[in-house]
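Reviewing the structure listed below.
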Amino acid sequence: MLKVKANKKLVQQHIQSITGQNVILKDLHNIVSHLRPGHRNNFEELLAEMKKSAGATVDAFTDSDDTLQAISFQTEEMRNTFSAYPELLLIDATYKLNDLRMPLYVLMNVDGNGESEVIALWLVATEDRMTISMLVNKFKERNPDWKDITVIMADKDMVKRDVLTEKMPGADIQICLFHVMRSLRREVSTDKLGISAGERDMSLEFLTKIAHACSEEEYQAFYDEFTNSVPRCVIEYFQKNWHAIRQQWVEGLKNEKASFLNNTNNRLESTNQKIKQVVTRYSGVTVFFQELMLCIHSLKNERDHRAAYVTTKDTIDRHPRSNAEIEYKELLTPYAFKFVEKQLEYSATTTVLRTVDDRSAIIRSKSLGDIVVSVDSCRCSFSTSMLLPCRHVFAVRRHFNKTVYDEALCAKRWTLAYFKTRQRVYIDYSPESAAPDIDDSVTLHIQPSEPQEKVILSEQQKYRKAYHLLVKIGQVISGQE
């Protein structure tokens, strides 16, 4: 029980109830310490462990002194998942998992049934521009469908955002709402800007409204009110850091691209929390990777189980469905159909103001005001973000006596037929039969980087440098003895 990290107090009570012997927690702690694997930080052993994964590609990057800078890991299955659903890329780092304090970057996408899928892992020693650039370049090389990425959700790390903007010019870089509000609360403070508590609270209230603006017009209205009400130092901070990049963080402006209504990195944060529950804190890099893959495989099995339910389990309808609902239910995955079902319901109370031509009409939207909607397209946030028909399109189609159902209104990624051809549960996948487009799928590549200018080291970098130095000192002392 202790080996699988059971609660020590419950184990203590169980042992006492079974044996009648008194056991103190110190005894259990000692047993756990004995069971804990050693802190092995042999990178050759780590890379060998990575290459055991079926269809894995492992790329290691070093600097001019042959010091490891980063490792990129991706399996054939991960590449196939990304290729099937490349539109949205989520990326975030989690820290303090391994003994060397190397951050783990998790890259994730969203499949046709709304499930979060891990599509690459980066283990990074130096989070500088050159290292992130090498990782992004290798990701592009390994994944030709990167050109189909339309939205990248990340945090406000300047280095990461600049590299992604440069390397993936066709994608919109969006900042997670949680990270936006956390940065604003951290920077707009009495200590950093020299404002009173009341001015801070008022400024943050305005900034919260701005972050949730539904349109450019609403943003400008909040912005004008903000500049007329808050201290000058707050305005200068906002204009320097946020105003010019509002398309990346204001909620109503982010939904103009296919983000699938993902305004935060909560999907990644949830996965990172599950990883931390499994991975032993500050474990050696080899043990860290073994436990990491155990967690990823467990999460994958749960997703596969839910994917199998898509076709094997039919829901019971509590009320009669219209013909359009039945047809959309047969066309789409359960996740996508829930959105369309709601839009069909809302369309019943959506009013057409007047006709523009034989295919378009004017609809009044709560967020956009009066907008022109055609029988097959709308510029509301739901339609542009989800790539599914909205209530406005349904209302206009009824207005022109057209059938509400039209397969062409739904993006292929949401269809049940496409899902069954790309989800691993429904296809016969084996590493041996994988497409041989990457001949060196399990071959290690060492790519020396160019010398860099002197930079201020981060806490993790200082720790790793000191760690390696002390290891060398220990080897020297032990050799002298």
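Dividing the convex hull volume of the alpha carbon atoms of the chain by its residue count, what do you get in Å³ per residue?
Residue-normalised Cα hull volume stands at 234 Å³.
In whole percent, what relative contact order does the chain give with Cα contacts below 8 Å and a gap of six or more residues?
19 percent
Specify the angular offset, from 0 to 90 degrees and rounded to the nearest 10, of the alpha carbon long axis of helix 334-347 from the longest principal axis of the alpha carbons in the chain.
30 degrees
Net charge near residue 309: determine it from the other residues with C-beta under 12 Å of the C-beta of residue 309, scoring Lys and Arg +1 and Asp and Glu -1. Please list the in-between numbers first.
Numbers: positive: 303, 306, 313; negative: 115, 302, 304, 314.
Within the 12 Å Cβ shell, the charges total -1.
Where q = 0.12, 0.16, 0.25 Å⁻¹, what log10 of I(q)/I(0) comes from the Debye formula for region 307-381, counting one point per Cα?
Taken in order of the listed q values, log10 I(q)/I(0) reads -0.46, -0.73, -1.21.
Relative to the longest principal axis of the C-alpha atoms of the chain, give the angle of the C-alpha long axis of helix 177-187, reported between 0 and 90° and rounded to the nearest 10°.
Taking the Cα atoms of the chain, the angle to 177-187 is about 70 degrees.
Which order do 288, 139 fall in if you start with the one that has the fewest other Cβ atoms within 10 Å? Can you show the working numbers first?
Details: 288 26, 139 22.
Fewest to most other Cβ atoms nearby, the residues stand as 139, 288.
Cβ neighbours within 10 Å, averaged per peptide: list 69-80, 309-320 in order, most packed at the top. Spell out each step's value before the answer.
Numbers: 69-80: 22.6, 309-320: 9.3.
Result, highest mean first: 69-80, 309-320.
Once the other residues with Cβ under 14 Å from the Cβ of residue 118 are scored (Lys, Arg +1; Asp, Glu -1), what is the net sum?
Neighbour charge sum, excluding residue 118 itself: -3.
Can you figure out the FRET efficiency of residue 236 with residue 276, using R₀ = 25 Å and their beta-carbon distance, to the nearest 0.05?
Result of the calculation: an efficiency of 0.05.
Under 11 Å from the Cβ of residue 226, count the other residues' Cβ atoms, weight Lys and Arg +1, Asp and Glu -1, and hand me the total.
Numbers: positive: 209; negative: 205, 224, 225.
The answer is -2.
If you line up the long axis of helix 129-142 against the longest principal axis of the chain, both from Cα atoms, how many degrees apart are they, to the nearest 10?
Value to nearest ten degrees: 70.
Taking a cut-off of 19 Å between Cα atoms, list the lysines near residue 138, but don't count ones fewer than 8 places away on the same chain.
Excluding near neighbours in sequence, the set is 51, 147, 160, 167.
All of the numbers you see were taken from the coordinates with simple rules; none came from a lab. What you are looking at is a predicted structure, and each value in this text was computed from that prediction instead of being measured. Heads up, the Cβs are rebuilt from the backbone with ideal geometry, glycines too, and the neighbour counts pull from every protein chain shown.
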